[in-house]
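**Q** Can you keep this structure in mind? I'll have questions shortly.
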Amino acid sequence: MRRQSHIERHARQGQTSEQLAERNSLRRLVFYAVLGGVAGGLLTGLVFPTWLWVGTILGGVLGLGLAIAIDEKLKRVDQMRRSEHASDMAQERERALQAKIRAARENGEFERWDEKP
């Protein structure tokens, strides 16, 4: 049995790629906020042990800000990739249509279309 990709598995569950991306985005935000909070708490706790909570909060806020910046960049890259893909698909459809027209001209089908009843 072929191993399914995670996108195929979620597609069977009725989730679109946009929903999947949104869920991953939320996970990324939470991960960086927690990571920033832990790092800020540790660094502040080493220097000023009584200010541990301040470092944790500031680290969490900075981590969340970093996650938002990364998320926006990833969304822009994804949007560019989607628009390039759509452009490539449109060009491919145009090439296929031109090939059909060429084949129809070579077979003389255009003359039959132009004939009046």
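Computed from the coordinates by the stated procedures, all read-outs in this text should not be read as laboratory data. Values in this document were obtained by computation on a predicted structure and should not be read as measured data. Reconstructed Cβ throughout: ideal geometry from the backbone, glycine too, with neighbour counts over all protein chains shown.
**Q** Taking the Cα of Arg81, stepping 7 Å toward and past its beta carbon, and measuring to each backbone N in the range 52-67: which are under 19 Å?
**A** 67, by backbone N distance to the label point.
**Q** Taking the Cβ of each residue in Thr44, Thr50 as the centre, tally the other Cβ atoms inside 10 Å and list the residues starting with the fewest. Intermediate values should be presented prior to the final figure.
**A** Working: Thr44 20, Thr50 8.
With the fewest neighbours first, Thr44, Thr50 line up as Thr50, Thr44.
**Q** What does the charge dipole of the range 6-89 about its Cα centre add up to, to the nearest 20 debye, if the Cβ of each Lys and Arg holds +1 and the Cβ of each Asp and Glu holds -1? Don't skip to the end; give the middle numbers.
**A** On the way: 10 positive and 8 negative charges, 29 e Å.
Computed about the Cα centre, the dipole is about 140 debye.
**Q** Quote the convex hull volume per residue of the range 6-89, based on C-alpha atoms, as a whole number of Å³. Display every interim value, and only then the final one.
**A** Values: hull volume 8.2 nm³, N = 84.
Once divided by residue count, the hull of the range 6-89 is 98 Å³.
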